[in-house]
Amino acid sequence: MTRTVGNRWALAVCASSFAIGVYGLTRNLSAQLPPHLKDAGHWQFLTNLSLAYSLIVFGVGMAAHISKSAALFNLKNLLHPIGMALEFVVAVVYWPLRIFFINLLVEDPSKFKLPLSTDLCIHLMPVVSLFIDYLAFSPPWTLSTPTALTVMAVLTAGYWWWLKQLIAPGGTYPYNFLNVDTEQERVVVFVAVGSVAFVSFLATKALYGVFVRDTKLQMKKRI
């Protein structure tokens, strides 16, 4: 029963995540960028793009549970795996670099001043909330593995193309690990990031199967 539209706990997760996400994105978009990143704007950052997508997922989920619309619930579940993969990439790339190798993240670590509240709202909350929503309140993803691989490849290439439109030739990329010597090296980085997204899809899907199976077994034992 927990994996059906109209669940009040699922609504609470979607609503609170939407509110926190809007707060974090608003704060982040209002932050002043350093001169070398200013021209390309805030939408060069994968963090902002993925959070905007996640807000759509949370918003559709919230509307589905309020209206008890099966169509909106199915739409949310269709959008969910892409948001989960994007936010997993953001979290798994950002936090290790943020804590241990911040020089690979920003050009001048001494000038990196992101409030912790905003940091958690945009770099941690989305992936945690999407993960909880999937494991506790959602049916299994219907996105097939070949389709997921294609989608991840398209999104990776799309982000690369997007940065090319925003950044002038010879300009600085939003994340310092993208500022490599050759375009070939940059391709390797993008492929690695895209691979992380695809692996996260496979891992989350497998974990869901284990979690749901164990939950069902426990319920049968109680009966």
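Nothing in this text is a laboratory measurement; each read-out follows from the coordinates by a stated rule. From a predicted model like this one, the values you see are computed outputs, not experimental measurements. Glycine gets a Cβ as well: all are built from the backbone with ideal geometry, and neighbour counts include every protein chain shown.
Odds and ends about this structure:
- Greater than 24 Å apart at Cα, pairs in Lys38/Lys113; Lys76/Lys113; Lys38/Lys111: Lys76/Lys113
- Where only DSSP H runs of four or more residues are counted, the chain gives -24500 deg cm²/dmol as its mean residue ellipticity at 222 nm, each run worth -39500 (n - 2.57).
- For the stretch 92-196: rounded, prolate or oblate by the Cα gyration tensor [a/c cutoff 1.5]: oblate
- Among Asp39, Asp181, the order by Cβ neighbours within 10 angstrom, fewest to most, reads Asp181, Asp39.
- Residue separation of Thr26 and Ala70 scaled by 0.36 nm, minus their Cα-Cα distance, works out to 12.8 nm of gained length.
- Figure legend: label point modelled 7 angstrom from the Cα of Ser117 along Cα→Cβ; residues of the stretch 10-24 with amide N under 15 Å from it are 19-24.
- Among Val187, Val127, Val199: highest mean-square fluctuation, GNM of the chain, C-alpha pairs under 10 Å: Val187
- At an R0 of 41 angstrom, the distance between the Cβ atoms of Thr2 and Phe190 translates into a FRET efficiency of 0.60.
- Between Ile122, Ile99, Ile20, the Gaussian network model of the chain with springs among Cα atoms under 10 angstrom shows the greatest mean-square fluctuation at Ile99.
- Order of Glu87, Glu183, Glu107 under a 10 Å beta carbon neighbour criterion, fewest first: Glu183, Glu107, Glu87
- A crude spin-label estimate for the pair Ala157 and Val199, with each label 7 Å from Cα along the Cβ direction, gives 2.3 nm.
- Angle between the chain longest axis and helix 70-100 axis [Cα atoms, degrees, rounded to 10]: 40 degrees
- Angle in degrees between helix 46-67 and the longest Cα principal axis of the chain, rounded to the nearest 10: 20 degrees
- Pairwise label distance in nanometres, Ala52 with Asp108, each label 7 Å out on the Cα-Cβ vector: 2.7 nm
- Gaussian network model of the chain, springs between alpha carbon atoms under 10 Å - residue of Val128, Val210, Val90 with greatest fluctuation: Val210
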